[in-house]
Structures are given as structure tokens and as C-alpha cells.
1. In degrees, nearest 10, range 0 to 90: what is the angle between the Cα axis of helix 247-271 and the longest Cα principal axis of the chain?
2. Taking the chain as the reference, fit the longest principal axis to its C-alpha atoms, fit the long axis of helix 142-166 to the helix C-alpha atoms, and give the angle between the two in degrees, 0 to 90, nearest 10.
3. Considering only protein heavy atoms, what is the solvent-accessible area of LEU57 at a probe of 1.4 Å, reported in Å² to the nearest 10?
4. If you rank HIS154, HIS140 by how much accessible surface each has, with a 1.4 Å probe, what is the order from largest down?
5. Using only the Cα atoms of the chain, each taken as one equal point scatterer with no solvent, compute I(q) by the Debye sum, divide by I(0), and report log10 of the ratio at q = 0.15 Å⁻¹.
6. On the protein heavy atoms, probe 1.4 angstrom, tell me the percent of accessible surface of the stretch 55-272 carried by carbon and sulfur.
7. If each DSSP helix of 4+ residues adds -39,500 (n - 2.57) and the sum is divided by the residues in the chain, what number results at 222 nm, nearest 500 deg cm²/dmol?
8. Picking from ILE237, ILE89, ILE66, which is most flexible by a Gaussian network model of the chain using Cα springs under 10 Å?
Amino acid sequence: MIFIAPATLGFVVFYIWPTLRGAYLSFTEYSLLSAPKFNGLANYDRMIHDSFFWNALGVTVEYVVINIGLQTVLAVGIAMLMYRLTKSITVRAIILAPYLVANVVVALVWYWMLDVQVGVVNTFLGWVGIDPVAFFGDSHWAIPTVAGINVWRHMGYTALLVFAGLQTIPSYVYEAAEVDGSTEWKTFWRITLPLLRPVLVMVLVVTMIGSFQIFDTVAVTTQGGPINATRVIYYYIYERAFTRFDFGYASAMALVLFAILAVVSLVQLRLLRARESDLA
């Protein structure tokens, strides 16, 4: 007990207590200038009629779909290439390198590279005859751009998780498929993917939770614009709490987001049969 006491204390102080405090504040009107005043379900009723909340939730879902879709496909592709072509530690380090850079730094670098006036990407587009693209200033491009930045940063880490899962698949399974005349494509769909399901479920759940928590890239690049096109739910909660000091309402939104993440995670684990393996 003594050895786990520091970790337990940190968990209680930094996780359990803030969660309980936030749940309490969600039923109050609180702005730091006065003591919390209990208002029942007023914050939740307000949320139902708040068009900005629903817009933020919709923008977040759009980001999650793009981010998870691209990241998972690219990660599986990279992992398969590493598994088939090379298992070099140097290659793994290179692939993991973007994940080791802070989110804010990555966002700043890409913000400069994609600038509509002086960005190197638009410079290259101009060389091939394509008009400059306002990646962060166009409402149609903003969320896909933010998602692309985060896919670039995280796909190496996700690929290594999938690569680790590939190494757990026994070689005799592939040898048997080869003897039966299975093609590479059929082997991938009928053997590799099914046997990777426990790892992919874990990757999808972790990626989904992280995607709903997107904040720093938006805060550095677009600040929720243009015209709320990138105002994700985390950024909206931040605005309500630390810009307008509406902590009661922000706590209510945070609690609802927690509930959404819990439900979606449980549904994923149940539907994708996370605890089962096709290797028998």
C-alpha cells in the first residue's frame, strides 16, 4: 500500500476530485466572482437549446470521423509495410518522431507552412498552376486541415501499436494460407485483419477519445474560426469557462462530453468484441 500511495494520491487529487467538483458545478451558476449557486438542471436545459453547443458537437464529430478514418488506414498500411519490408529500429524511430514533438509546435509549423500568403505549400501549388488555398481560412478546408495535421503527428505511434499486434500473429497461419494458395489481398482481409481485431479495437477507442479532446491545434491555428467552422466542443468549453467565466455551464458540457465518450467507448468494445480473439 505504501508503494502505490503516491500514485493513488495523485489520481484522487488530479482526477477523482476534479471530476466530482465538476459534476457538482454543473448544477450551479458559478463565475468565480461569487459562491456557486445551485440551479438544478438549468445548465442542461440551456445546453439543449444552445445552437453553438450543437454546432460544436457536430464539428467535433466531423473531425473525429476524418481523423480516425485517415489515421487508422494509414497506420495499418505503414505497419504492414514495416512488417513485410523491414523491422529496423531506426525506421521505427523515424516513424515515431512526429509524435514526440509537442502538439503546439506541430500546429505552429504547419500553420506557417499552409499560410495562404507565404506558406511553402501554397508556393508549391503556385508553381504547378494551382491557385492559393486558404487552408485555415476556408470553412470547407479548415476541419480537414486540422485533422490532417493531427493524423500526420499521431499515425506513426498508431502504426507502431498495429505493428506490435502484427508480431503476435503466428507465422504458421500465414504459411498455411500460402500453402492453400491464398493471395496477399485475401490473406490480409481474411487472416490479418480478423486477428488484429483486439489491437484495432484498442487503437480505435484510444483514438476516438483523443479525437474528441482536440484542442491545442485549434487554439493555435484557427481559434474556432472561420465562422465557427472549427469550434470543437473542447474549445467551446474552454471559451465558456476561461473567457466568459461561465464555469457552471462549462462543467455541464464537460460532464455531457464525458458521458458521450463513455457510451461510445462501451459500444465500440461491445460491438467489436474486444475481449475475443479469432486465433483459436
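The values are calculated or read from the model by the stated rules, or taken from the named source; none is laboratory data. Small disclaimer: the values here were computed from a predicted structure and weren't measured. All Cβ positions, glycine included, derive from the backbone under ideal geometry; neighbour counts span all protein chains shown. All accessible areas refer to the heavy atoms of the entire protein, side chains included, with ligands and DNA or RNA removed. Shrake-Rupley method; radii C 1.70, N 1.55, O 1.52, S 1.80 Å.
1. Roughly 20 degrees, rounded to the nearest 10.
2. That helix lies at roughly 50 degrees to the long axis.
3. 30
4. Numbers: HIS154 45, HIS140 150 Å².
Solvent-accessible surface, decreasing: HIS140, HIS154.
5. -1.23
6. Numbers: 7690 of 11120 Å².
With neighbouring chains kept in place, the figure for the stretch 55-272 is 69 percent.
7. Numbers: 14 runs with 184 residues, N = 280.
Mean residue ellipticity at 222 nm (helix-derived): -21000 deg cm²/dmol.
8. The residue that fluctuates most here is ILE89.
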